[in-house]
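Contents: one structure, followed by commentary.
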Amino acid sequence: MEPQNQNLKTTLLLSLGRFHISEDYGFLLPNPLKELPDHYKPWMEIVNKLPHLIESHQLRAHVNKMPLLNCHFLKSYREQRLAHLVLSFITMGYVWQEGETQPEQVLPRNLALPFVDVSRNLGLPPILVHSDLVLTNWTKRNPEGPLEIRNLDTIISFPGGESLRGFVLVTVLVEKAAVPGIKALVQAVKAILQPSQDSLLQALQQLRLSIQDITRTLEQMHDYVDPDIFYAVIRIFLSGWKDNPAMPLGLIYEGVSKEPLKYSGGSAAQSSVLHAFDEFLGIRHSKESADFLHRMRDYMPPSHKAFTEEIQSAPSLRDYTLSSGNCQLLTAYNQCTEALAELRSYHITVVTKYLITAAVKAKVRRPSHLPGPPQALEERGTGGTAVLSFLKSVRDKTLESVLHLTG
């Protein structure tokens with residue numbers, strides 16, 4: 001009887017609301033706040049002028065004069081998420097204002113202390129993460145209008161103008177495209193437990209369509225993001241101080257630790273979407289890739305990480321599909337797996353254009369008013385991985401997961 005009780009428990013617990021996942025927006029924070037309480041006006045005054053302050057090399061001077069503010073006046077979860085977004089952007093600008101050749105080695109206490117405080121409250125690291133850059137950093141121009149790029153804006157920005165806006169907002173739309181797929185995971189787990197093969201087939205079809213929609217949405221990067229601007233201007237501000245030759249020792253957070261701390265930069269691997277899809281489909285990556293992906297889960301909101309782990313602990317879809325002997329189920333599973341591999345292949349194409357090809361072009365020209373393109377991470381993602389070999393490995397392991405009926 002015990003497995004049955006466990007299954008019943010899984011069914012009851014696997015609801016999106018319990019994991020702070022929205023029925024409409026998925027992992028995106030619904031309608032993020034744009035303003036903090038008046039107490040935090042000094043932060044907002046700096047962050048609202050951030051691109052100008054970085055480009056004019058004045059940000060560090062402004063931050064050094066900033067008062068040390070207490071986080072106690074951040075009452076709600078949404079206020080804390082906005083505070084993390086604000087402080088993470090100021091931190092990245094402060095460290096990288098002069099480019100990779102002159103990174104700031106010490107984060108001053110008036111920035112470090114509140115940033116670490118709000119990070120602890122949220123269970124996030126004190127560095128810019130995907131949940132800042134994307135999940136908390138979008139707003140509708142017309143609140144009644146559609147969730148389309150022409151009706152969206154970022155809340156906070158770095159240098160990079162329209163390309164920075166496009167990079168963030170296309171990624172917002174990718175997260176939105178994943179929503180039917182996230183719902184399909186919940187439906188599918190419940191269908192396996194009932195069991196209902198019809199409901200499971202329907203869920204797998206919905207998952208496949210969602211993955212294909214993510215790939216189509218990702219194509220908009222080419223329309224809205226200039227690869228030269230992304231590589232030479234934007235990328236440095238997403239870079240961290242772990243596995244980065246430009247900051248081999250890490251960053252000292254003054255008043256927090258006398259020793260430098262190391263944190264990875266922003267990475268698409270910090271999005272919970274593909275982690276959840278991988279766990280559901282039972283895709284097993286190489287040890288090196290899996291180690292990196294699992295480390296990136298510590299850069300997610302804890303509730304989103306918990307959702308991925310809940311999917312991982314649910315009954316195995318692969319085992320159920322194989323033992324069912326149902327050819328339709330097997331085909332539907334394989335179509336999901338193949339769609340995920342196609343998404344990963346397309347991601348490789350995008351990264352090649354925006355990282356590898358752009359690196360070659362950046363060597364021969366650079367915008368004069370900004371620091372040169374970061375070369376320490378030339379063939380690495382901002383998260384610190386050897387990016388192409390990593391992406392090809394996870395794509396290949398996805399393809400290897402295709403099932404074949406035996407006997």
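The values are calculated or read from the model by the stated rules, or taken from the named source; none is laboratory data. Because the structure is predicted, anything quoted here is derived from the model rather than measured. Cβ coordinates were reconstructed from backbone atoms using ideal geometry, including for glycine residues, and neighbour counts include every protein chain displayed.
Brief remarks on what is shown
- So I229, is it surrounded by 21 or more Cβ atoms within 10 Å (Cβ to Cβ) and within 17 Å of the chain's Cα centre (by Cα): no
- Residues (buried (at least 20 other Cβ atoms within 10 Å of the Cβ), at pLDDT below 55 and touching a Gly at 6+ places or on another chain (Cβ under 8 Å)) located in the range 327-373: P371
- Close pairs from the range 180-201: first over 19 Å from N334 (Cβ atoms), partner hydroxyl-bearing (S, T, Y) and part of a helix (DSSP H, G or I), Cβ under 6 Å, at least 6 apart: P180/S210; K190/T11; L193/T11
- Residue in the range 91-102 that is in contact (Cβ under 8 Å) with a residue 40 or more places away in the chain and closer than 16 Å to V118 by Cβ present: yes
- Selection of helices (runs of 4 or more DSSP H) fully inside the range 146-221 by the criterion of at least 1 residues being touching a strand residue (DSSP E or B) at 6+ places or on another chain (Cβ under 9 Å) and buried (at least 18 other Cβ atoms within 10 Å of the Cβ) returns 161-177, 179-193.
- Residues (in contact with a Phe, Trp or Tyr (Cβ under 7 Å, 6 or more places away or on another chain) and under 13 Å from E162 (Cβ atoms)) located in the range 222-244: V225, F230, I234
- Looking only at residues in the range 80-119 that are assigned to a helix (DSSP H, G or I) and polar (S, T, N, Q), the one that is surrounded by the fewest Cβ atoms within 10 Å (Cβ to Cβ) is N110.
- Lone unmet requirement of (1) in contact with a Pro (Cβ under 9 Å, 6 or more places away or on another chain); (2) part of a loop (DSSP other than H, G, I, E, B); (3) in contact (Cβ under 8 Å) with a residue 40 or more places away in the chain for K75: (3)
- Check on I283, outside any helix (DSSP H, G or I) and either within 30 Å of D198 (Cα to Cα) or at pLDDT below 95 (or both): yes
- Among the residues making up the range 244-267, those that are outside any loop (DSSP other than H, G, I, E, B) and surrounded by fewer than 20 Cβ atoms within 10 Å (Cβ to Cβ) are I252, L261.
- Test: residue in the range 247-270 that is at pLDDT 95 or above and touching a His at 6+ places or on another chain (Cβ under 7 Å): yes
- Within the range 281-320, being free of Cβ contacts under 8 Å to residues at least 40 places away in the same chain and over 18 Å from V394 (Cβ atoms) holds for K305, E309, S316, D319.
- Close contacts from the range 17-29, counting a first residue that is surrounded by fewer than 22 Cβ atoms within 10 Å (Cβ to Cβ) and a second that is modelled with pLDDT under 95, with Cβ to Cβ under 7 Å and a gap of 6+ residues or different chains, come to E23/L16.
- Filter result for L82 (in contact with a Ser or Thr (Cβ under 9 Å, 6 or more places away or on another chain), closer than 21 Å to L238 by Cα and modelled with pLDDT of 95 or more): yes
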